[in-house]
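Peer 1: First the structure, then my questions, so here it is.
The values are calculated or read from the model by the stated rules, or taken from the named source; none is laboratory data. The structure presented is a predicted model; accordingly, all values stated were derived computationally and were not measured. Cβ placement follows ideal geometry from the backbone for every residue including glycine, while neighbour counts extend to all protein chains displayed. Heads up: the accessible areas ignore ligands, DNA and RNA and are worked out on the full protein's heavy atoms, side chains in. Shrake-Rupley method; radii C 1.70, N 1.55, O 1.52, S 1.80 Å.
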Amino acid sequence: MRTVSLLFLVLWSMHNLCYSQLQSPDEFLPHKLGEHFTPHYMLVDYYQHVAANSPLVKLIEYGKTNQDRPLIVAIVTSEANHQRLEEIRRNNLRLAGVEDGLVHIDQAKALVWLSFSVHGNEPAGSEASHQVIYDLVNPENTKTKKWLENTVVILDPSINPDGYSRYTHWVRNVTMDENNPDRQDIEHSEPWPGGRVNHYLFDLNRDWAWQTQIESQHRLKLYNQWLPHVHADLHEMGHESSYYFAPAARPYHNYITKWQRDFQVEIGKNHAKYFDAEGWLYFTKEVFDLFYPSYGDTYPIFNGAIGMTYEQAGGSVGGRGVETSNGETLSLKDRVAHHTTTALSTIEVTSLNARNVLDQFKAFYDKNITNPPGKYKSYIIKKDVSGQRLLALAKVLDNQGIRYGTLSADRQANGYVYSQFTNGTLVGKPGDLVVSAHQPKGMMAQILLDPVGELEDSITYDITAWSLPYAYGLEALASTDRIVPNQDLMSEWEYKVPEDGYAYLIPRTDMKSVQYISQLLAQDISVRVLPKAGSYDGTSFPAGTAVVTQADNRSLGDKLLPKLKDIQNNIKVDIITIRSGFADSGHDLGSGRIDLIKKPKVLAIAGDGVGSNAFGQIKWYFDKVIDYPLSVVDIDRFNRISLDKYNTLILPDGRYRVEGNMKSKISEWVNAGGKLILISGANRNFMDEEGFGLKKYATDDEKTEDKKANEAADLAARYNHYSDRERNAISNYVPGAIFQLNVDRSHPLGFGMGEHYYSLRTSSLTFPLIVGAENVIFHPKENGAVLGFAGKEIKKRLNDSAVFVVESKGRGQVIYMADNPLFRGFWYNGHFLFSNALFLN
C-alpha cells in the first residue's frame, strides 16, 4: 500500500512540475503580448514550450512553407482524450462515412479548428493565438478545463508564415521603440508586395478548394484527416471598422443547411455577450457572404462544419496602434483581446452544444450519401485526347476526398451538356470519368462540378462561377439521375516511348505536353510546331504539335534520344516516333512553313502598382507549372536596364503607369522583334496610343444612335433611391463569371483550344475588335452564353468585343489579354492558353 501511495505522489509531483514550468506569453516572450509583433520563430518557440509543459497539448508539424518555415498545429484537449486521440479522429471519419467501421457517437468529441492570420499582414490573429493556447491549458482556468473534456481543439497559429514574417520583420525594421499612431507614419504604410500573400504572392484564403499552394496542400490534407465540426478563420480588415463575426452576410449558397445557418447565430450571440459586457463595437450579417467555395469559412461548410470568418479592425495599417477617425487609438493589444475573446467563445459554445453538433454533423454526411442536396446527382466528364486534362481534374477531386470512377461501356445520358449551356444528350465512353453525388463528399462534388451555383443576391464578395469542367476545357454532362461508376479509381494508361527515328512528334493538347516542350527548350533542344493538322506514318496530329527532328539537333548526335527519354521519365507524355518526313497529309516535316519555336527569354515587371496577386500568378506559373526561367525587374528600375537580352516582356495586371521613356522604350523594342504580353489592367497603358491598335471601347454615350436612349436613362437615374446606389453600380460590374468565347483555331494562339474558350472574366475591362490585328478569341455579336453574375450594362458592352488579340508591330508583336488566364492558378485551360502566347506566337 505504501508503494502505491509513493508512486501516486511521484506521479502527482511530476504532473505539478510539468505545469509549474508553464509560462504565459508575457512571461515567455521578450515583450508583452500586444506591445510588439512576435516573429514567427518566437511564435513556434512558444507553442513548443507549451507543448513541452502541458499534458493537454500535442504539437504537429504538418509541412514546410516555400521558405522552409514550419507549418504547425496544436491539438488541445483533456489528458483522457489524448490517450485515445487517434480513436477520436478515426471515429469522427466513420461518423462522416469517409472511413468504414462501427460508429460510436457516444464516444465522439466535438472538434473545433481555429485558423489564425491566413493573411500575414493581418497579424492580430497569430498574436492572439499565444493567449488562446495559454488560456486553454492554464491549470487555474476551470472553464476551459471543462470544455476540453468533450471537445478537441486544433489551433493553427499561423497559416501563412512567409507572409506573416514578411510583414512583422518589416515593421520591426522601420519602427522606433514607442509606437507612433500617426496614420502618416511609415509603420502604417506597408511596402509592395505586402505580407498578405505567401511566397508566390497568392492569397491563401482563396485557395482552400484549389490547393495550388503548398501551404494549402499540407493544411487541407491534415484538415480532411480530421473533418472538424466548427471552423473559425480569424482575419483583420480596415482600421476604421469595428469587429465582424457570424452570422454571415447574404448571399448564402443554397446548399448550406438550416442547421449551419442557425448555429452561426447561436455562436454570434455568444460572442455578442462578451463584447457587450466590454462595450466593444461589432457587426454581423454584412459584407462577408457564403458563396465562393474556396474560403476558410465556405470550404469547411461544404465539408459539414460550421464555417465562419472573424474580422478585426486593423490589418497592416494598424501597426502597433493607429489613430482612428473618432480620435481614439486602435491598439494591437485591443485587437489581440478581441480575437482571443471570439476564439475562446467559439470553443465554449461548441462545448456547450457538443452532442447537437455531433448529431448534425452526422446528419449532414448521412444526407450526402442518401439524398445529396443539389439538382444534379451524377456527372460524366469526357476524357480528352491525351487524358491528361482529365487526370489533372481527378487530382483536384482526390485532394477533396471525392470518390469517382469510370464508365466501362457506352452510356447515353440526358442532362445539362456543358458545351451547349443547356439540356441535351451526351454519350459517355469507356474511360470517361463519373462522379456520383451519393457519397460522403457529395455536396463538395456538387459545389465544384455544378455548371453554376444558384445566386440569391447579385451583390457578392467574390467570383460567382468556377465549374471545373469549364476550367479544364472538358466536355461534361450533369444528370439528375444516379449513375454508378464502374470502379473507384481511374486507371493509368501506357505512354508512347520514343525510339530511334527521323523525327519525334509530341501532340500539344494539355499542360503535360507544355511542360515537356518547355523542358526541351530549356535544355536547348530545337523544336518546331505544326501550323496545321497533318498525318505522318499513318498517324494524325493536330495543329500545334511539337516536332523534334534529328536534323535540327545534329549537335546532340546520339544524345538526343536519351535526352527525350530522360525528360519523359519526369513528365509523362506521348512521344510518337516518325520514320519519314514525307507527309500523308499536311506539310512535309522539312517544309519552311513548320517554324522553329523561338526560345522565349522572358522578363516580367514587378513593384509598386503591379497587382501582387497578378505578378505572383506569373511567377508561380513559370516556377511551378512549366519550370521555365523568368527574369523580373522592379518597375522603378525598368528604364535603367537593357531589353536586348529578352525577346518576351510580360506586363501584369495592376494600376501602374507606363508612360514617357518607358513607353517609348517598349515600343521600339517591340518594333525590333520583341513580344509584349499585356494582361488585363496593363492594357489601359496602351489604349489609343500611337503605334498600338488597341482602342478604348466606345461607351454608349459616344454612340450617336443610342444617344437619346442614354439621355433618357440618365434622366431616370436621377430619381434612383440613395439606398439602391450599390445595386445600381453593379450593372457595370463582373465579379467573376464564365463566358463562352469564340476561338479562331487556325491561329497559333488558338491551337488546342477547341471551338470555344470558357473564360473566367473578373474585370470590366473591354475593348473592341482591333482593325488590322488577329482577334483570336472574342465575344459573339450578341447573346453570348454566361454563367454567374455579370451586370446588364457590361454584358451589352461585351457583345462583339475582343478578349485575346495578337497584333503585329514592326518585326514584333503585341498580345492583348483582356482577361487574366492565370487567375488564382486554378483555371487549367487558361494556363494552356497562356502557354500558346508564350511559345507559339
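Peer 1: Taking all protein chains as present, what is the carbon and sulfur share of the accessible area of segment 372-466, in % to the nearest whole number, probe 1.4 Å?
Peer 2: Roughly 47 percent of what the probe reaches on segment 372-466 is carbon or sulfur.
Peer 1: For the chain, what is the accessible area per residue in Å², given a 1.4 Å probe and the full set of protein chains?
Peer 2: Per-residue accessible area for the chain comes out at 41 Å².
Peer 1: Using only Cα atoms, locate the centre of segment 647-680 and the centre of segment 231-287, then give the distance between them in Å, rounded to an integer.
Peer 2: So the separation of the two Cα centres works out to 45 Å.
Peer 1: Please list, ordered by chain and number, the residues whose modelled amide H lies under 5 Å from the amide H of residue 529; skip anything fewer than 5 residues away on the same chain.
Peer 2: Hits under the 5 Å cutoff: 547, 595, 597.
Peer 1: Still on this structure, please answer the following. Please give the FRET efficiency for residue 668 paired with residue 462, using the beta carbon to beta carbon distance and R0 = 30 Å, rounded to the nearest 0.05.
Peer 2: 0.15
Peer 1: Could you calculate the FRET efficiency of residue 637 with residue 370 from 1/(1 + (r/R0)^6), where r is the beta carbon distance between them and R0 is 51 Å, rounded to 0.05?
Peer 2: Efficiency computed from Cβ-Cβ geometry: 0.25.
Peer 1: Sticking with this structure for a sec: Carbon and sulfur atoms: what percent of the 1.4 Å accessible area of segment 240-343 do they account for?
Peer 2: 49 percent
Peer 1: Between residue 106 and residue 62, what FRET efficiency follows from the Cβ-Cβ distance if R0 is 22 Å, with the result rounded to 0.05?
Peer 2: 0.15
Peer 1: Rank 568, 605, 583 by how far each Cα sits towards the positive end of the charge dipole of segment 529-663 (+1 on Lys, Arg Cβ; -1 on Asp, Glu Cβ) and give me just the farthest.
Peer 2: Toward the positive end, the furthest listed residue is 605.
Peer 1: Amide H to amide H under 5 Å from residue 604: which residues, 5+ apart in sequence or cross-chain, H placed 1.01 Å off N in plane?
Peer 2: Residues meeting the criterion, in which the H sits 1.01 Å from N, are 631, 632, 633, 650.
Peer 1: HN-Hα J couplings of segment 306-322 from phi, Karplus 6.51/-1.76/1.60, θ = phi - 60°, integer Hz, Gly and Pro as x?
Peer 2: Here the 3J(HN,Hα) series is 8, x, 9, 10, 10, 10, 9, 4, x, x, 5, 5, x, x, 7, x, 9 Hz.
Peer 1: Not counting ligands, DNA or RNA, and with a 1.4 Å probe, what is residue 552's accessible surface area in Å² rounded to the nearest 10?
Peer 2: 50 Å²
Peer 1: Related question: Whole angstrom only: what separates the Cα centroid of segment 763-834 from the Cα centroid of segment 327-398?
Peer 2: With segment 763-834 and segment 327-398 each reduced to a Cα centre, they are spaced 34 Å.
Peer 1: To continue, here is another question. Once you keep just the Cα pairs under 8 angstrom separated by 6 or more residues, what percentage relative contact order results for the chain?
Peer 2: With pairs under 8 Å counted, the relative contact order is 10 percent.
Peer 1: For residue 565, give me every one of the lysines with a C-alpha distance below 18 angstrom, ignoring sequence neighbours fewer than eight places off in its own chain.
Peer 2: 496, 512
Peer 1: Between residue 580 and residue 746, what is the label-point separation in nm under the 7 Å Cα-to-beta-carbon projection?
Peer 2: Here the modelled spin labels are 2.9 nm apart.
Peer 1: Can you pull out the trypsin sites (Lys or Arg not before Pro) in segment 741-835 that DSSP calls coil and that have at most 11 other Cβ atoms within 10 Å?
Peer 2: Listed in order of number, the matching sites are 781, 811.
Peer 1: For segment 158-193 and segment 36-83, what is the separation of their Cα centres, given in Å?
Peer 2: Using only Cα atoms, the two centres lie 24 Å from each other.
Peer 1: Could you tell me which GluC sites (Glu not before Pro) in segment 416-493 are loop residues by DSSP with no more than 15 other beta carbons within 10 angstrom of their beta carbon?
Peer 2: Sites meeting the loop and neighbour criteria: 454, 456, 492.
Peer 1: Something else: Using helices alone, I'd like the mean residue ellipticity at 222 nm for the chain: each DSSP H run of four-plus residues gives -39500 (n - 2.57), total over residue count, nearest 500.
Peer 2: After summing the helix terms and dividing by residue count, I get -10000 deg cm²/dmol.
Peer 1: Tell me, what HN-Hα J-couplings in whole Hz come from the Karplus equation 6.51 cos²θ - 1.76 cosθ + 1.60 at θ = phi - 60° for each residue of segment 107-123, using x for Gly and Pro?
Peer 2: For segment 107-123, the Karplus-derived couplings read 9, 6, 10, 5, 10, 10, 10, 10, 10, 10, 6, 4, 9, x, 8, 10, x Hz, x marking Gly and Pro.
Peer 1: For the pair residue 145/residue 558, report the inter-label distance in nm, with labels modelled 7 Å from Cα in the Cβ direction.
Peer 2: A separation of 7.9 nm, rounded to one decimal place.
Peer 1: Select from segment 43-92 those trypsin sites (Lys or Arg not before Pro) which occupy a DSSP coil region and have at most 15 other Cβ atoms within 10 Å, ordered by residue number.
Peer 2: In loop regions of segment 43-92 (DSSP not H, G, I, E or B), the sparsely surrounded trypsin sites (Lys or Arg not before Pro) are 84.
Peer 1: Show the residues, 5+ positions off or on another chain, whose built amide H is closer than 5 Å to the amide H of residue 801.
Peer 2: Correct list: 779.
Peer 1: On the accessible surface of segment 535-648, probed at 1.4 Å, how many percent belong to carbon and sulfur atoms?
Peer 2: Solvent-exposed carbon and sulfur of segment 535-648 make up 44 percent of the total.
Peer 1: Can you give the % of DSSP beta bridges in the chain that are antiparallel, to the nearest 5?
Peer 2: Roughly 65 percent of the DSSP beta bridges within the chain come out antiparallel.
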